[in-house]
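Here is the structure we will look at, set down as structure tokens.
Derivation of every value follows stated rules applied to the coordinates shown; laboratory data play no part. Note that this is a predicted model, so its numbers are computed, not measured. Methodologically, a virtual Cβ is constructed for each residue, glycine included, from the backbone with ideal geometry; neighbour enumeration extends over all protein chains shown.
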């Protein structure tokens, strides 16, 4: 199976499942759900995100690490997915009065990981995700694709850029092994 097809499938499945935390946690709503609480385009949207990441990772890795991309074990990648799922869940459980505290906590986690783990190149993925993810979501809400039920600015919650910053770690650790085939135990 081609690498980009694997990126698409990973994005479509994992992204849709994570989005379900928000859809079923009453964080966001689609105007015309097609299956469950999801809109028809959700798997396509996240699949295309996977393809976009699959296309961006190789040149980013050459630029940031000179081709010396770290190898993440299958266990480390599963731990990354688990952590991110918990962060997603936290965004669904936060009360409206706790959004600023959650935003700070998610931001501190991302910055702390950049300072403590010191994996070369992570900063670019974290920064890129923190900027691009919320910009795309704000555009999609403005176009009426979905609505956050408790938006704070530009149709999105305060915590969204910090959640996307943490997604930068996840994107790199899941997509790089697929498109670069750096891990023997790839999935």
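Observations on the structure shown:
- Computed over the chain, the per-residue total of -39500 (n - 2.57) for DSSP H runs of n ≥ 4 gives a 222 nm mean residue ellipticity of -23500 deg cm²/dmol, rounded to 500.
- Take 96-104, 44-52 and order them by the average number of nearby Cβ atoms within 10 Å per residue, most first; the result is 44-52, 96-104.
- Dividing the mean sequence gap of close Cα pairs (under 8 Å, 6+ apart) by how many residues the chain holds gives a relative contact order of 30 percent.
- Gaussian network model of the chain, springs between alpha carbon atoms under 10 Å - residue of 164, 40, 72 with greatest fluctuation: 40
- Among 105, 90, 68: highest mean-square fluctuation, GNM of the chain, C-alpha pairs under 10 Å: 68
- When 178, 78 are arranged by Cβ crowding within 10 Å, least crowded first, meaning fewest neighbours, the order is 78, 178.
- Rounded D (µm²/s) - the chain, Kirkwood Rh over Cα pairs, Stokes-Einstein at 4 °C, 1.567 mPa s: 77 µm²/s
- For the chain, built as a Gaussian network whose Cα springs stay under 10 Å, the top-fluctuating residue of 127, 160, 115: 115
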